[in-house]
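Below is one structure, written out as structure tokens; comments come after it.
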Amino acid sequence: MRRTKQYFSILLAILIYYCVHEGAHLFYALWHGALKHINLMPLGVQVDIYRDRLSDIQFAHFCMSGALATIFAAWILTIHSTVLIKWFGNKLGNFSPFLLSSSLHTTIALLLCDPLYLSVLHFVMGDGDMNGIQMMLPQYVVSTGFALLGLLHLLIIRRLLLPRYKEAFRRRPRVI
């Protein structure tokens, strides 16, 4: 049962990542009247747009909006991790390991997915958002910048998030 809850926690984190990332694309496309439709893909969701309705710089902003939204959400969750730990660690008087681990997995997913994709994985999995972003900046600048951001996020996870959450799980109340 414990392992099943961990898998659900990771699945929830991935779902939240997609909602934030693709939600930002959706919001930008709706804002500029360029939404064509939403594609349900085997490994996720994709917002399809009318490319001719956006200028090159607007298209670059559209492609960058998902990464910016996930990084912003990740930093909000990181900054407020102590509040999340207190709330989920003792929610209404009951310790909730599922909510606690879900908040950790979600924060890690939001911190790492876009830096990993835009620094390394776009070479293997296809350019996707990189196609538009490179209309603003050269690809090597974007890849290098997101690689450095990913390293910073790994350091934050290692030095800040993991110790906080480990302590929260260690302090959980014991059932007699």
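Show me the helices (runs of 4 or more DSSP H) found entirely inside the range 78-148 where at least 2 residues are open to solvent by 50 Å² or more (accessible area, probe 1.4 Å) and modelled with pLDDT under 80.
Once the helices (runs of 4 or more DSSP H) in the range 78-148 are filtered for at least 2 residues that are open to solvent by 50 Å² or more (accessible area, probe 1.4 Å) and modelled with pLDDT under 80, what remains is 81-89.
Take GLY23 and decide whether it is assigned to a loop (DSSP other than H, G, I, E, B), touching a helix residue (DSSP H, G or I) at 6+ places or on another chain (Cβ under 8 Å) and in contact (Cβ under 8 Å) with a residue 12 or more places away in the chain.
Answer is no for this residue.
If you scan the range 17-44, which residues turn out to be open to solvent by less than 50 Å² (accessible area, probe 1.4 Å) and among the β-branched types (Val, Ile, Thr)?
VAL20
The values are calculated or read from the model by the stated rules, or taken from the named source; none is laboratory data. From a predicted model like this one, the values you see are computed outputs, not experimental measurements. Methodologically, a virtual Cβ is constructed for each residue, glycine included, from the backbone with ideal geometry; neighbour enumeration extends over all protein chains shown. Side chains included, ligands, DNA and RNA excluded: accessible areas come from the protein's heavy atoms. Shrake-Rupley method; radii C 1.70, N 1.55, O 1.52, S 1.80 Å.
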